[in-house]
Amino acid sequence: MTTPAMTKEKCKGCDREIDVCEFCEQTGCPAAICYHCVNRELKQTLPQPHEHGG
Amino acid sequence: MPQEIHREEVRKLVADGAQLVEVLPSPEYEEDHLPGAIHLPLRQLDARARDMLDRKRAVIVYCWDTA
Amino acid sequence: MSPRAAWRLETLGFGNVYDYVDGKNDWMAAGLPTEGTNAQRPRAGDIARKDVPTCGLTEKVGDVSARARAQGWDAVVVVNDERIVFGLLHSKELAADPRELIENAMRPGPSTFRPFVSLHEMLHFMVDHKLESAPITTSDGRLVGMLRQEDVVAAMKKAS
């Protein structure tokens, strides 16, 4: 019996592969998002580089 | 050389009369700024700092974070 | 930006210049007050329920579960003496073997959110991700409270 390969999620913000949605921590989340993108979208950080020069 | 400080030192210096200056652009300042902070965007520093700030008092500048 | 501003001010003749390097993000993440248009709008930290039950790593699931039930909650936050968040227990974890240690039963290292995040954004995320509640912490990792979706909806209705 073969073990199914572990499917990684893709971040809806940046398309990078992630193990689990960093917002809800569920696998198979249809809106899966990575740590960096969730922080940016919740404005917990500013996008880099800053428009105004960083 | 400007001294790097953290949150508690900011509070102490402001209580001692330091001028607090946010150097981010307008929308960022208008949405949220530290209580009592003066708005002096980085691009306008050269033109306006001497008029807006008292050189005899300490000045604390800040933006969004270390990035 | 602030390092460049600080150095420039020195060359402009300012002798006593400090750079608050951690900036506004740090200030707000610590739950400190701000002024401005956003300061009037309710944020996650304002609505988060401070009375969410908490427990320690070495307690037993059975005791914690009973306590949570008595308080009318189906979620418990695992913290240390400093209220630093270590884990979460929802219904599934609270239904584990009552003799089990919290440390083994909990969901470790949960996603947490800052007090200053807007309710509008949190609600959008909570609905999209079907998340009923989310722990709110300061940048030090200290628990502020538990933000419940139903409370966010109620607060936004009240504010509109």
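The values are calculated or read from the model by the stated rules, or taken from the named source; none is laboratory data. Note that the structure is a prediction, hence the values are computed from the model and not measured. Because the Cβ atoms are built from the backbone with ideal geometry, glycine has one as well, and the counts that use them run over all protein chains shown.
What the table shows:
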read-out: In the stretch C:65-110, the residues that are of a type in the set (D, E, K, R), at pLDDT 95 or above, in contact with a helix residue (DSSP H, G or I) (Cβ under 9 Å, 6 or more places away or on another chain) and surrounded by fewer than 20 Cβ atoms within 10 Å (Cβ to Cβ); value: C:Arg69, C:Asp97, C:Arg99, C:Glu100
read-out: Options B:Gly36, B:Gly17: the member that is loosely packed, with under 13 Cβ neighbours inside 10 Å and touching a strand residue (DSSP E or B) at 6+ places or on another chain (Cβ under 7 Å); value: B:Gly36
read-out: From the options C:Val61, C:Val21, residue that is among the β-branched types (Val, Ile, Thr) and within 14 Å of chain B (Cβ to nearest Cβ); value: C:Val21
read-out: Members of the stretch B:1-10 found to be more than 7 Å from every other protein chain (Cβ to nearest Cβ) and loosely packed, with under 14 Cβ neighbours inside 10 Å, listed by number; value: B:Met1, B:Glu8
read-out: Output for the stretch B:21-38, where each listed residue is more than 7 Å from every other protein chain (Cβ to nearest Cβ) and farther than 20 Å from B:Asp51 by Cβ; value: B:Pro27, B:Glu28
read-out: Answer from A:Lys43, A:Lys8 - the residue that is within 12 Å of another protein chain (Cβ to nearest Cβ) and modelled with pLDDT under 85; value: A:Lys43
read-out: Looking only at the stretch C:120-160, and only at residues there that are part of a helix (DSSP H, G or I) and within 11 Å of chain A (Cβ to nearest Cβ), the one that is surrounded by the most Cβ atoms within 10 Å (Cβ to Cβ); value: C:Met122
read-out: Hits in the stretch A:19-38 - residues which are at pLDDT 85 or above and outside any loop (DSSP other than H, G, I, E, B); value: A:Cys37, A:Val38
read-out: Filter pass, C:Phe116 being part of a loop (DSSP other than H, G, I, E, B), surrounded by 18 or more Cβ atoms within 10 Å (Cβ to Cβ) and of a type outside the set (Ser, Thr, Tyr); value: yes
read-out: Residues of the stretch C:24-49 that turn out to be surrounded by fewer than 19 Cβ atoms within 10 Å (Cβ to Cβ), at the interface with chain B (Cβ under 7 Å from one of its Cβ atoms) and within 14 Å of the chain's Cα centre (by Cα), as a count; value: 1
